[in-house]
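Bear in mind these aren't lab numbers, they're just calculated from the coordinates by the rules spelled out. Note that this is a predicted model, so its numbers are computed, not measured. Note: ideal-geometry Cβ built from the backbone for every residue, glycine included; neighbour counts use all protein chains shown.
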Amino acid sequence: MKAKVAVVQFPGSNDDHDAQWSLQALGADAQLVWHAETELPHATRAVVLPGGFSYGDYLRCGAIARFAPIMDAVTRYAGDGGLVLGTCNGFQILCEAGLLPGVLRQNASLSFICRDVAVRVTRNDTPFTSRCEPGQRLVIPIKHGEGAWFAPRDLVEELDARGQLLLRYEDNPNGAVADVAGVINEAGNVMGLMPHPEHAVDPLLGSGDGALILASLLDAVRERSLAAA
Amino acid sequence: MKATVLVRPKEGILDPQGQAVEQSLRKLGFDVEQARVGRVVDVEVAASNAEEARTKVEEMCKQLLANPLIESFEIEVA
């Protein structure tokens, strides 16, 4: 049976269909879930918060989306150990919701940046990077105006010591502290990243490296289902 | 009651928007040492006195209007 993955649609999400398409191309049953829902679909095995500009990025990016009705269900799901992946705006929402450490700020250049970037995977013992080698270089596009991850220095040191700074830019494009492109929570079941893996699942479109992240997630889903059975 | 919230980037936090404004002011010939850009939020809150209004708005700031990692806030109650 195909693994059911919930892709949440907020008003202003615009990578929801790409996320759904790429997960389906990798063999998942990806379903779009409207933000006003209060429960995730039955037997959801993973949740993806896609990119976009939820609620027009008003106040701070992700700050309003975190109050969407579905976010209570997502927070409970994450608290119970469920797998949650946020890309770009999804990452911003997870930070604002307190499910991931830090915050995303305006790019240091003030420019909206849309191009391929190289990131290094720091660990592969996570549900999101198991298909990668430690230190592997992935080329995945970014497209954001507010992607500079920030956390106070002592928090960055703590996160680094615990191996939570999961992806780091090779050539920092946006002024992120410690070159951070993606982080994972301490429990290891919630990850956010600014690059868009869903835009890099076919070499025909420039890179297939994003598929490594999404396929790792689906591998984790299958392993968990087998373990449960 | 009316309250005004001033949200500022915390001291020491890089403020690229402020830097851009600072550079533009210099180009206009103003002798500017620094500019930082924050946000103003005017709220009308149901409260019977200024103290109650302040307490409520403070809670709004903590929960939504400011992100404590990067922003500080000040509240003025009219």
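Please list, ordered by chain and number, the residues whose modelled amide H lies under 5 Å from the amide H of residue A:48; skip anything fewer than 5 residues away on the same chain.
Counting only residues 5 or more places away or on other chains, the set is A:6, A:7, A:8, A:85.
Could you give P(r) for the stretch A:9-104, binned at 5 Å from zero, as whole percent values over all Cα-Cα pairs?
Taking all Cα pairs of the stretch A:9-104, the binned fractions are 3, 15, 26, 28, 19, 8, 2, 0 percent.
In the stretch A:1-134, what percentage of the DSSP-assigned beta bridges are antiparallel, given to the nearest 5? Don't skip to the answer; put the middle values down first.
Values: 1 of 14 bridges.
The answer is about 5 percent antiparallel.
List the trypsin sites (Lys or Arg not before Pro) within the stretch A:86-170 that DSSP assigns to loop and that have no more than 15 neighbouring Cβ atoms inside 10 Å. Write out the running numbers ahead of the final one.
Values: sites: A:105, A:115, A:120, A:123, A:131, A:137, A:143, A:153, A:162, A:168; in loops: A:123, A:131, A:162.
Passing both the DSSP loop test and the Cβ count: A:162.
List every residue whose amide H lies under 5 Å from the amide H of residue A:117, counting only residues 5 or more places away in sequence or on a different chain, with H placed 1.01 Å from N in the peptide plane.
Amide H neighbours of residue A:117: A:140, A:142.
Just the number, please: percent antiparallel of the DSSP beta bridges in the stretch B:2-77, rounded to the nearest 5. Can you show the working numbers first?
Details: 13 of 13 bridges.
Beta bridges within the stretch B:2-77, antiparallel portion: roughly 100 percent.
Run through the DSSP bridge list for the stretch A:4-228 and note the antiparallel percent, rounded to the nearest 5. Walk me through the numbers on the way to the answer.
Details: 21 of 38 bridges.
Of the beta bridges lying entirely in the stretch A:4-228, close to 55 percent run antiparallel.
For the residue pair residue B:2 and residue B:52, what label-to-label distance in nm results when each label sits 7 Å from Cα along the Cα-to-beta-carbon direction?
2.0 nm
Among the lysines, which fall within straight-line cross-link reach of residue B:10, defined as a Cα-Cα distance under 30 Å, with same-chain neighbours fewer than 8 residues apart omitted?
Qualifying lysines at Cα under 30 Å: A:143, B:2, B:27, B:56, B:62.
Where in the stretch A:122-216 are there chymotrypsin sites (Phe, Trp or Tyr not before Pro) that are in a DSSP coil and have at most 11 other Cβ atoms within 10 angstrom of their Cβ?
Values: sites: A:128, A:149, A:150, A:169; in loops: A:128.
When the chymotrypsin sites (Phe, Trp or Tyr not before Pro) of the stretch A:122-216 are filtered for loop state and at most 11 Cβ neighbours within 10 Å, nothing remains.
Compute the Cα gyration tensor for the stretch A:111-157, then decide on rounded, prolate or oblate, letting a ≥ b ≥ c be the square roots of its eigenvalues: rounded whenever a/c is under 1.5, prolate when a/b is larger than b/c in the other cases, and oblate in all that remain. Walk me through the numbers before you get to the answer.
On the way: a/c = 2.68, a/b = 1.18, b/c = 2.27.
Taking the square roots of the gyration eigenvalues as a ≥ b ≥ c, the stretch A:111-157 is oblate.
Could you give me D for chain A, from Stokes-Einstein at 4 °C and 1.567 mPa s, where the hydrodynamic radius is the Kirkwood radius over C-alpha pairs? Units µm² s⁻¹, please. Provide the component values of the computation, followed by the final result.
Values: Rh = 17.0 Å.
In µm²/s, the coefficient is 76.
Of the trypsin sites (Lys or Arg not before Pro) in the stretch B:1-65, which ones lie in a loop per DSSP and count no more than 11 other C-beta atoms within 10 Å?
Working: sites: B:2, B:10, B:26, B:27, B:36, B:39, B:54, B:56, B:62; in loops: B:10, B:36.
Passing sites in the stretch B:1-65 do not exist.
For the stretch A:143-158, just list the computed ³J(HN,Hα) in residue order, Karplus coefficients 6.51, -1.76 and 1.60, θ = phi - 60°, integers in Hz, with x standing in for Gly and Pro.
Along the stretch A:143-158, the couplings run 7, 7, x, 10, x, 7, 5, 9, 8, x, 4, 5, 5, 4, 5, 4 Hz.
Among A:39, A:198, A:96, which one shows the biggest mean-square fluctuation in a GNM of chain A, springs joining Cα atoms closer than 10 Å?
Fluctuation is largest for A:39.
If I model a spin label as a point 7 Å beyond the Cα along the Cα-Cβ vector, how far apart are those points for residue B:42 and residue A:170 in nm?
With each label placed 7 Å out from Cα toward Cβ, I get 5.2 nm.
At a Förster distance of 22 Å, what's the computed FRET efficiency of residue A:109 paired with residue A:162, Cβ-Cβ distance as r, to 0.05?
Details: r = 30 Å, r/R0 = 1.37.
Here the calculated transfer efficiency is 0.15.
Give the long-range amide H neighbours of residue A:30: residues separated by 5 or more places, or on another chain, with amide H under 5 Å away, using H modelled in the peptide plane at 1.01 Å from N.
So residue A:30 has HN proximity to A:5, A:24.
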